[in-house]
Amino acid sequence: MKALILEDDTLLADLLETVVGGLYPGIDIFVTASVRGALTHWSQHGSDLMIIDWNLPDGSGLEVIRAAREKSSKTAIVMISGRADRDSVLKAARYGINGYISKPFSVEMVHERLTALVDPSDFDRESQPDLEHLLKTSVESVIQLPSAVDTARVLELMARKQDISPSQLAERWHGEVALTTRLLDVANSASFQKTGEPVRSLRDGIATMGVDMALRHAMAMSLDICGQLRDPRLAERATTFLETAEKVAQEAVRIALRIGIDQSEVHTAALLSRVGELAVLKVMQQCLDRKGQVSDEQIESGLTAWAQSYGNRLKVQWHLPLQLRELIGAVHFLPRDATSDSKLVMRASALIADGQHQGEECLRLLRRLGVDNHERGTDDG
């Protein structure tokens, strides 16, 4: 069984993917945010179930429904829209939809409507998804890391952090219990607490540490998907990748402070340097959730083959500026003719975090930055 979800809101898209995957274990789900992507996928692969948003950045979901109905009357199609008026519902009905759901909606409502259209008991629960096929199809869709904080939203805030006050940030994060708890813990730690009085509100906590530092912690939390990976092998790999990224970030900040460049930018780039691996691990967990098989060998080969592709996809999806993309890339590879101090910092930090601080490449990079390796080490104690 195959499903196509067309939704440009990444949080809603992820929610719908979760509901469909839970309702029909083993289903092959394709998620896209564009009419063009949906039409291309439909023409090449077809679909048994389609969940279509009405208004998309590049057109109307009705175009996709029209194309689907020209070839198939059996595909179950549900339209999702913020339009709840009678005329809109009737207009969509004329295109041959099977159901209409108005935003905002509850998970229970979606579950009920889909069950009425395609009875889970009629679905072959023994069918098992193929990991390689899932990796190939998922990289083309909207990728959402399964964490409590949305990375894309944090990146949007970081892009305009100079114009955001602690009060505005606290208002934006009102209700984010896990994030509030983390930020208050940080604000009350010895490194930030100066007055001897505990910080009790999120606004005061952000004011204590500063907007930039609060956003950095939010970024780190948005990438922590370990708790959502139920397979211990995948969770362990995610923990390793996150720890590596954080080590690179720490080294990058140390060197950036020493040579006088923007520490926030290199810190962000370092944290994002393993998002490709995290996204691949998410797909592997989805495969297991749908009763598929993922061997230890497949974990290693899948990460090697797909991490870069997923990382590149996320850079585009999150609209990362070119400078930040290049800094992330420098963590993994740096041409010998590179001249940007920030890129040199990224590569040197990655080598130091990997224990290669005495290696020829690392020493050469530190010399180019004007940082003596022995001198750098005095910051570690």
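The values are calculated or read from the model by the stated rules, or taken from the named source; none is laboratory data. Because the structure is a prediction, the values reported are computed rather than measured. Neighbour counts are summed over all protein chains in view; Cβ atoms, including those assigned to glycine, are modelled from backbone coordinates with ideal geometry. SASA here: full protein model, heavy atoms, side chains in, ligands and nucleic acids out. Shrake-Rupley method; radii C 1.70, N 1.55, O 1.52, S 1.80 Å.
List of remarks:
- For residue 4, nonlocal amide neighbours, meaning residues 5 or more places apart or on other chains whose placed amide H falls under 5 Å from its own, are 30, 49, 50, 51.
- DSSP bridge orientation in the chain - percent antiparallel, rounded to nearest 5: 10 percent
- Mean Cα-pair separation over length for segment 1-159, i.e. relative contact order, pairs under 8 Å, 6 or more apart, %: 26 percent
- In the chain, the portion of solvent-accessible area held by carbon and sulfur atoms comes to 48 percent [1.4 Å probe, whole percent, DNA, RNA and ligands not counted].
- Length-normalised contact order for the chain - Cα pairs under 8 Å, 6+ apart - percent: 14 percent
- Whole-Å distance, taken between Cα centres, linking segment 266-319 and segment 1-37: 18 Å
- Percent of alpha-carbon pairs separated by more than 29 Å within the chain: 51 percent
- Classified by the C-alpha gyration tensor, segment 1-119 has a rounded form. Its axis ratio a/c, with a ≥ b ≥ c, is below 1.5.
- Accessible surface for segment 275-355, divided over its residues, is 44 Å² per residue with a 1.4 Å probe.
- When the Cα convex hull of segment 233-325 is projected onto planes of every orientation, the mean area is 6.5 nm².
- Taking all protein chains together and a 1.4 Å probe, the residues 237, 36 rank 36, 237 from largest to smallest accessible area.
- Computed with a 1.4 Å probe over protein heavy atoms only, the accessible surface of segment 164-262 comes to 51 Å² per residue.
- Per residue, in Å², the accessible surface of segment 1-118 once ligands and nucleic acids are set aside, probe 1.4 Å: 45 Å²
- Entry note: segment 38-185 has Rg to Rh equal to 1.05, where both radii use alpha-carbon atoms and Rh is the Kirkwood radius.
- DSSP-assigned coil residues among trypsin sites (Lys or Arg not before Pro) in segment 275-364, each with at most 15 further Cβ atoms within 10 Å: 291, 336
- According to the Kirkwood relation over distinct C-alpha pairs, the hydrodynamic radius of segment 203-250 is 12.0 Å.
- Taking every DSSP helix (H) stretch of at least 4 residues in the chain, weighting each as -39,500 (n - 2.57) and dividing the sum by the residue count yields a mean residue ellipticity at 222 nm of -18000 deg cm²/dmol.
- The convex hull of the Cα atoms of segment 44-99, projected and averaged over all directions, covers 3.9 nm².
- Taking a ≥ b ≥ c as the square roots of the eigenvalues of the Cα gyration tensor, an a/c ratio of 1.5 or more together with a/b no larger than b/c marks segment 175-280 as oblate.
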